[in-house]
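Computed from the coordinates by the stated procedures, all read-outs in this text should not be read as laboratory data. Bear in mind the structure is a predicted one, so any value in this text is a computation, not a measurement. Please note: Cβ atoms are built from the backbone with ideal geometry, for glycine as well, and neighbour counts cover all protein chains shown.
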Amino acid sequence: MGVDELGDQLGWWAPDPRGVLPLDGLRVTRSMRQSAKHFEIRVDTCFTRVMRACADPSRGGSWITEQFIDGYTRLHELGWAHSVEVFDRRGELAGGLYGLRIEKYFSGESMFHIERDASKVALMALVDLMRSSGMTLLDVQWCSEHLASLGAIAIPRSEYLARLADALRRLSSDGIP
């Protein structure tokens, strides 16, 4: 989603091909593992701060407007939007990401870092959380060079829609995925 050049009109992007990060395909380097030891991971403790850090105009996040922050904050209050936060040893927010969860699907909306590797550590934590809760689809929207270096792949719309449909199927009545 984003605000287009026409001012306040909202646009909706559905790229084809679509970027996804297979949960078993995250590339974790030795240096990323070492970096992770220097951070503390938290979930949903400062959602709006993460969004504001992602929206910092100095990093090209100007598409995240106050309207988006208000809307996603409401989604967070309703339990749909979530953040993964990375704190340094001083207890300062060093990086993080946010997105939407529906059933076994997570749509990563944006991520940021203040300290080196902090956004990658947030992504590592998200993938671990998704695996442990039986989730199946991590949508990263675009397969940028950076995300590809972490294991993201581009898939055709038809494959994406099939994976999405599978991820959105409700759990069976006995709670088994």
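Remarks
- Calculated Rg and Dmax of the chain using C-alpha coordinates, Å: 16.1, 49
- Segment 101-152 - convex hull of alpha carbons, volume per residue in Å³: 77 Å³
- Helix runs (DSSP H) in the chain reaching 18 Å along axis by Cα, Kyte-Doolittle at least -1.0: 118-132
- Cut-off 10 Å between beta-carbons: net charge of the residues surrounding THR136, Lys and Arg +1, Asp and Glu -1: +2
- DSSP loop chymotrypsin sites (Phe, Trp or Tyr not before Pro) with at most 16 other Cβ within 10 Å: longest gap in the chain: 81-141
- Annotation: the residues LYS120, LYS104, sorted from fewest to most other C-beta atoms within 10 Å of their own C-beta, follow the order LYS104, LYS120.
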